[in-house]
Amino acid sequence: MANGPAPFSEIGKRARDLLYKDYNFDHKFSLSIPSSSGLGLTATGLKKDQFFSGDINTLYKSGNVTVDVKVDTYSNVSTKVTLNDVFRCKKVALSFNIPDHKSGKLDVQYLHPHAAIDSSIGLNPSPKLELSGAFGSKDICMGAEAGFNTTSASFSKLNAGIAFNKSDFSATLMLADKGESLKASYIHYVDRPDGLTIAAEMAHRFSTFENRFTIGSSQSIDPKTILKTRFSDDGKAAFQCQRAWRPNSLITLSAEYDSTKIFGSPAKFGLALSLKP
C-alpha cells in the first residue's frame with residue numbers, strides 16, 4: 001500500500017543497507033542475462049580464501065507468477081514459486097530445497113492501508129512458525145515478529161520495533177534478541193548535490209551491559225560513482241567504492257582496516273564485479 005506501513009522486516013532497513021549492504025571482502029563475480037520472454041539467468045561465483053563456490057539462478061516471470069530456481073556447486077536445488085496479488089493477499093510463496101525433503105515452506109504476505117502482515121510455516125511434521133506484523137502508516141509504524149519451533153516448543157526469535165519516517169530522515173528503535181538487546185538506528189539525507197547520506201546504529205546488550213556504535217556515510221563522487229564509509233567503536237574502519245562502468249554493470253571495491261588486530265594483516269580487501277548486458 002502506497003500510504004500503508006512497510007513490512008516489519010523493512011524497519012531500520014535504510015540504515016542497515018547504508019552501513020552494511022554490498023560490503024564484500026572476498027572476490028565475487030556475477031553475470032545476469034535478462035530475456036524479453038520473461039526468463040532470466042544469473043551465474044554467480046565467490047572465491048573466499050582458497051575455496052570457490054558458485055550457483056546458477058533462473059528466474060521466470062509470467063503474469064503474476066514468478067518461478068525462481070537456483071542450483072549451487074554442491075548440487076543443491078532451491079526452488080521458489082511466488083504468486084502475486086492472489087485473492088486479498090499481496091504475495092503467496094512456496095519454497096523448497098532438493099534433496100532436503102523437510103525444507104518446504106509456505107509464505108503469505110498481506111498488505112492493508114494500515115497493516116502489513118507476513119506469515120511463514122514449514123511444510124513438515126514439526127514445522128517452524130513465523131509471524132510478523134507492522135501497523136500504522138508509511139510515516140510512523142510499530143510492529144513485532146515471532147518465530148516458534150514446534151519441535152522444542154520454544155521461541156526461536158522475538159523482536160519488536162517502532163519506526164518514524166520522513167522524506168529526509170528515518171529513525172527506528174528495536175527490542176531484539178528475545179528482549180536481550182536494544183537497537184536504535186538513524187539515517188539522514190542531507191540536501192546536497194552529491195546526495196550525502198549519514199547513518200548511525202547503536203546497540204545495547206542488557207545481559208553484558210555491552211554497547212556498540214557504528215556510523216557511516218554515502219555520497220556520489222560523480223554520476224556513476226558512489227563512495228561509502230563506515231566506522232565502528234571496535235576499531236574497524238571500512239570504505240566501499242562502487243562504479244557503474246557501463247549501464248546496469250557495477251564494479252565494487254571494498255576495504256576494511258582493523259586497528260586492534262596485532263597478528264596477521266589488519267587490512268582486508270574485496271572485489272565484486274556484476275555484469276548485465
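We did not get these values from a lab; they are worked out from the coordinates using the rules stated. As the structure is a prediction and not an experimental result, all values here were calculated from the model. Glycine also receives a Cβ, built like all others from the backbone with ideal geometry; neighbour counts cover every protein chain displayed.
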Worksheet item: How far, in nm, would the chain grow between R205 and Y20 when pulled straight, counting 0.36 nm per residue and subtracting the alpha carbon separation?
Response: 64.6 nm
Item to complete: Order these peptides, 148-154, 266-272, 246-252, by their mean beta-carbon neighbour count within 10 angstrom, highest first.
Response: 266-272, 246-252, 148-154
Item to complete: Before rounding to the nearest 500, sum -39500 (n - 2.57) across all DSSP H runs of length at least 4 in the chain and divide by the residue total; then give [θ] at 222 nm in deg cm²/dmol.
Response: -1000 deg cm²/dmol
Discussion item. Please report the net charge: other residues with Cβ closer than 13 Å to the Cβ of F96, K and R +1, D and E -1.
Written reply: +1
Fill in: Estimated distance in nm for a label pair at D168 and L39, the labels positioned 7 Å out from Cα along Cα-to-Cβ
5.0 nm
Item to complete: Enter the Cα centre distance for the pair region 118-134 and region 44-83, rounded to the nearest angstrom.
Response: 23 Å
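Can you give the FRET efficiency for L227 and S265, using 1/(1 + (r/R0)^6), R0 = 35 Å, r = Cβ-Cβ distance, to the nearest 0.05?
After rounding, the FRET efficiency stands at 0.90.
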Response to the item:
The residues H101, H188, sorted from fewest to most surrounding Cβ atoms within 10 Å, come out as H101, H188
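Taking the Cβ of T172 as the center, what net charge do the other residues with Cβ under 11 Å away carry, scoring Lys and Arg +1 and Asp and Glu -1?
+2
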Item to complete: Compare the peptides 42-51, 13-22, 233-242 by average per-residue count of other Cβ atoms within 10 angstrom and give them in order, highest first.
Response: 13-22, 233-242, 42-51
Discussion item. Within a 10 angstrom radius of the beta carbon, how do R205, R192 rank from fewest other beta carbons to most?
Written reply: R192, R205
Discussion item. Give me the net charge for the shell around N3: Cβ to Cβ below 12 angstrom, other residues only, Lys and Arg +1, Asp and Glu -1.
Written reply: 0
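F213 to D100: extension gain in nm, 0.36 nm per residue of separation minus the Cα-Cα distance?
Details: separation 113, 0.36 × 113 = 40.68 nm, distance 3.93 nm.
The span from F213 to D100 would gain 36.7 nm if fully extended.
Quick one: dipole size for region 104-246, taken about the Cα centre, charges +1 on Lys/Arg Cβ and -1 on Asp/Glu Cβ, in debye to the nearest 20. Please list the in-between numbers first.
Numbers: 16 positive and 15 negative charges, 77 e Å.
For region 104-246, the charge dipole is close to 380 debye.
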Response to the item:
Listed with the fewest Cβ neighbours within 10 Å leading, M142, M174 appear as M142, M174
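Is there a pair in K157/K268; K70/K90; K90/K224; K21/K261 whose C-alpha atoms are over 26 Å apart, and which pairs would that be?
Over 26 Å apart, Cα to Cα: K157/K268; K90/K224.
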Fill in: Cut-off 19 Å (backbone N to label point 7 Å along Cα→Cβ of N76), residues of region 29-55
29, 42-55
